[in-house]
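K.L.:
One structure coming up, written as structure tokens, with questions to follow.
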Amino acid sequence: MEIKDMRPETLLAQAGGAIDEQSGGVVPPIQPATTYVRDEYYNPLNPNNVYARPHNDVVRQAETVLAQLEGGVAALLFPSGMAAIAALFRTVPSGGRVVIQSGIYWNTTKWVREFCERRQIVVDEVDASDAAALEAVCSKGPANIVWVETPSNPWLKITDVGAAKKAAESCGALLAVDSTAASPVLTNPLKLGADIVMHSTTKVINGHSDVLGGVLICKEVSPVWEEIETDRGSAGAVMGPFEAWLLLRGMRTMAIRVERMVDNAMQIANYLSDHPKVETVLYPGVPSHEGHALARTQMPGGFGFLMSFLVKGDRETALKVAGRLKLFHRATSLGGVESLVEHRHTIEPHTGIPETLLRISVGAEHADDLIADLGQALGQ
Ligand SMILES: *Cc1c(COP(=O)(O)O)cnc(C)c1O
């Protein structure tokens, strides 16, 4: 069977691919060498490997799996999600323009604003889940990158990737999608029209809250892509072999982790929607969510594992609910097998996050236990 015919579940279960020829092992080996030998004619013994900064087999194996999962032609791993984001934005020349979605992962907004100010790059922020608003901003003039995040964090807004592509095209920009909260199992932005998809692999792709990483995957190898690749090799923002190996190991169970987490999240969303002490549930799986219909088509495998909800009351009420939770750890991040809860207003008070908003990342525990925990914390 050709690899291209494999379904994501199969690709993931055997991530890293074939048996290790040398040992016969069923998992890929780690090669920690920082340099590789040449023969007596000065040709590298392995033509792919000269020095570890740009060349490592297990990093390439993990990249191959990620590119295949997203339906892309190439992937580049970075030591964090932010390093991947920065690598893309660094290709924008001084005097350029970028259009970024408002109300997204806070550190993306913060870094892009600071970077673009230093480079005299214009940043236009817009609620990209409103396709007409995005189109209007794009029509103002040429741009280099349109950046969207769907579902967005922590608002869980859904952006129409196909419509965003049209808007990006109209101003000559590349469309890049941060698909971290969706996972490659639930959405494939490149197939919907995006030029580049980005994931913080720190989150559900690794899934065990123990490896920092990020990836960019492209639909085609453009000059911008080549610039990113060359810069990564030369400037050295590379993932190490141990991290790449752990990532591959984590990815082998991604399909089943996501399936369970999505199922748990849907049950929790239903429970919270009916709860008298909950004001609103922000989760695309809830029929009243404004992005629900779009999410149905864009996320055919399920609505994800991330949600926010507003508790009735004030800041203190919300903090007390978070404080009473026993199974949900009070910690930032998302996508791990362990459930987490965050009071986002404490972290980013200036971005208009409601004081009563709690964001949860639903893990792989039993849904009934998680619901019981939320029940006791909310006070039935
Ligand atoms: C975590 C996250 C990032 C940043 O990734 P790091 O691996 O923490 O650098 C970017 N976007 C989203 C949506 C994230 O959740």
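K.L.:
Quick one: Thr297 ticks every box in (1) open to solvent by 60 Å² or more (accessible area, probe 1.4 Å); (2) of a type in the set (S, T, N, Q); (3) modelled with pLDDT under 95 except a single one, so which number is it?
P.N.:
Against the list (1) open to solvent by 60 Å² or more (accessible area, probe 1.4 Å); (2) of a type in the set (S, T, N, Q); (3) modelled with pLDDT under 95, Thr297 comes up short only on (3).
K.L.:
Hey, another quick one. Looking at Ala182, Ala168, Ala164, can you tell me which residue is at pLDDT 95 or above, surrounded by 24 or more Cβ atoms within 10 Å (Cβ to Cβ), out of contact with any helix residue (DSSP H, G or I) (no Cβ under 7 Å at 6 or more places or on another chain) and not acidic (Asp, Glu)?
P.N.:
Answer to the selection: Ala182.
K.L.:
Moving on to the next point. Quick one: count up the residues across the range 22-45 that are touching a Phe, Trp or Tyr at 6+ places or on another chain (Cβ under 8 Å), part of a loop (DSSP other than H, G, I, E, B) and open to solvent by 70 Å² or more (accessible area, probe 1.4 Å).
P.N.:
Filtering the range 22-45 down to residues touching a Phe, Trp or Tyr at 6+ places or on another chain (Cβ under 8 Å) leaves 28, 30, 32, 34-36, 44-45.
Those left that are additionally part of a loop (DSSP other than H, G, I, E, B): 28, 30, 32, 34, 36, 45.
Subsequent filtering for residues that are open to solvent by 70 Å² or more (accessible area, probe 1.4 Å) retains 32, 34, 45.
Summing the residues that are touching a Phe, Trp or Tyr at 6+ places or on another chain (Cβ under 8 Å), part of a loop (DSSP other than H, G, I, E, B) and open to solvent by 70 Å² or more (accessible area, probe 1.4 Å) in the range 22-45 gives 3.
K.L.:
Provide a single number: the residues in the range 321-359 that are open to solvent by less than 20 Å² (accessible area, probe 1.4 Å), among the small types (Gly, Ala, Ser) and not in a helix (DSSP H, G or I).
P.N.:
3
K.L.:
So, one more: How many residues are within 12 Å of the ligand (Cβ to nearest atom) and under 17 Å from Pro284 (Cβ atoms) if we restrict to the range 160-190? Quick ask: steps written out before the conclusion?
P.N.:
Just the residues of the range 160-190 that are within 12 Å of the ligand (Cβ to nearest atom), to begin with: 176-183.
Then drop every residue that is not under 17 Å from Pro284 (Cβ atoms), which leaves 177-183.
So the count comes out to 7.
K.L.:
Only one of Glu243, Glu226, Glu220, Glu259 is open to solvent by 20 Å² or more (accessible area, probe 1.4 Å) and not assigned by TED's automatic domain parsing to the domain that holds Thr91; which?
P.N.:
Only one candidate qualifies: Glu259.
K.L.:
Restricting the search to the range 74-93, which residues are of a type in the set (Val, Ile, Thr) and closer than 16 Å to Val177 by Cβ? Break it down stepwise before answering.
P.N.:
Initially, the range 74-93 is screened for residues of a type in the set (Val, Ile, Thr), giving 85, 91-92.
Across the range 74-93, the qualifying residue is only Ile85.
K.L.:
Here's something else I'd like to know. Which ones in the range 209-227 are within 16 Å of the ligand (Cβ to nearest atom) and hydrophobic (A, V, I, L, M, F, W, C)? Spell out how you get there, then give the answer.
P.N.:
To start, the set of residues in the range 209-227 that are within 16 Å of the ligand (Cβ to nearest atom) comprises 209-217.
Across the range 209-227, the qualifying residues are Val211, Leu212, Val215, Leu216, Ile217.
K.L.:
Another question, then. Condition test on Ser308, is it of a type in the set (Gly, Ala, Ser), within 16 Å of the ligand (Cβ to nearest atom) and in a strand (DSSP E or B)? Outline the logic, then answer.
P.N.:
On the way: of a type in the set (Gly, Ala, Ser): yes; within 16 Å of the ligand (Cβ to nearest atom): yes; in a strand (DSSP E or B): yes.
Yes; evaluated as a whole, the condition is true for this residue.
K.L.:
Among the residues of the range 144-158 satisfying the criterion of being touching a residue at least 60 places away in the same chain (Cβ under 8 Å), open to solvent by less than 30 Å² (accessible area, probe 1.4 Å) and touching a Ser or Thr at 6+ places or on another chain (Cβ under 7 Å), which is nearest to Ile121 (Cα to Cα)?
P.N.:
Across the range 144-158, the extreme among qualifying residues is Thr150.
K.L.:
Which residues, taken from the range 191-208, are of a type outside the set (A, V, I, L, M, F, W, C) and away from the ligand (no atom under 15 Å from the Cβ)? Write out each step before concluding.
P.N.:
Just the residues of the range 191-208 that are of a type outside the set (A, V, I, L, M, F, W, C), to begin with: 191, 193, 195, 199-203, 206-208.
Answer for the range 191-208, where residues must be of a type outside the set (A, V, I, L, M, F, W, C) and away from the ligand (no atom under 15 Å from the Cβ): Lys191, Gly193, Asp195.
K.L.:
For the condition assigned by TED's automatic domain parsing to the domain that holds Arg60, assigned to a strand (DSSP E or B), in contact with a helix residue (DSSP H, G or I) (Cβ under 8 Å, 6 or more places away or on another chain) and more than 30 Å from Gly250 (Cα to Cα), what is the one hit in Val177, Val197, Val215, Val146?
P.N.:
On the way: Val177 fails: more than 30 Å from Gly250 (Cα to Cα); Val197 fails: more than 30 Å from Gly250 (Cα to Cα); Val215 fails: more than 30 Å from Gly250 (Cα to Cα).
After ruling out the rest, the residue left standing is Val146.
K.L.:
Residues that are among the charged types (D, E, K, R): which helices (runs of 4 or more DSSP H) entirely in the range 46-127 hold 3 or more of them? So that I can check it myself, show each step before the final result.
P.N.:
Numbers: elements: 57-70, 81-89, 106-118.
Once the helices (runs of 4 or more DSSP H) in the range 46-127 are filtered for at least 3 residues that are among the charged types (D, E, K, R), what remains is 57-70, 106-118.
K.L.:
Every residue in the range 21-58 that is of a type in the set (Lys, Arg) and closer than 21 Å to Ala235 by Cβ, please.
P.N.:
Arg53
K.L.:
Run down Leu69, Leu77 and say which single residue is over 21 Å from Ala173 (Cα atoms) and within 12 Å of the ligand (Cβ to nearest atom). Walk me through it before giving the result.
P.N.:
Details: Leu69 fails: within 12 Å of the ligand (Cβ to nearest atom).
Result of the check over Leu69, Leu77: Leu77.
K.L.:
For the range 97-112, which residues satisfy the criterion of being open to solvent by 10 Å² or more (accessible area, probe 1.4 Å) and away from the ligand (no atom under 15 Å from the Cβ)? If you could, list the steps in order and put the result at the bottom.
P.N.:
Going through the range 97-112, the residues open to solvent by 10 Å² or more (accessible area, probe 1.4 Å) turn out to be 97, 102-103, 105-107, 110-111.
Residue satisfying the conditions is Arg97 alone.
The values are calculated or read from the model by the stated rules, or taken from the named source; none is laboratory data. Given the structure is predicted, the values throughout are model-derived calculations rather than measurements. Neighbour counts run over all protein chains shown; Cβ positions are idealised from the backbone, glycine included. Only protein heavy atoms, including side chains, enter the accessible area calculation; ligands, DNA and RNA are left aside. Shrake-Rupley method; radii C 1.70, N 1.55, O 1.52, S 1.80 Å.
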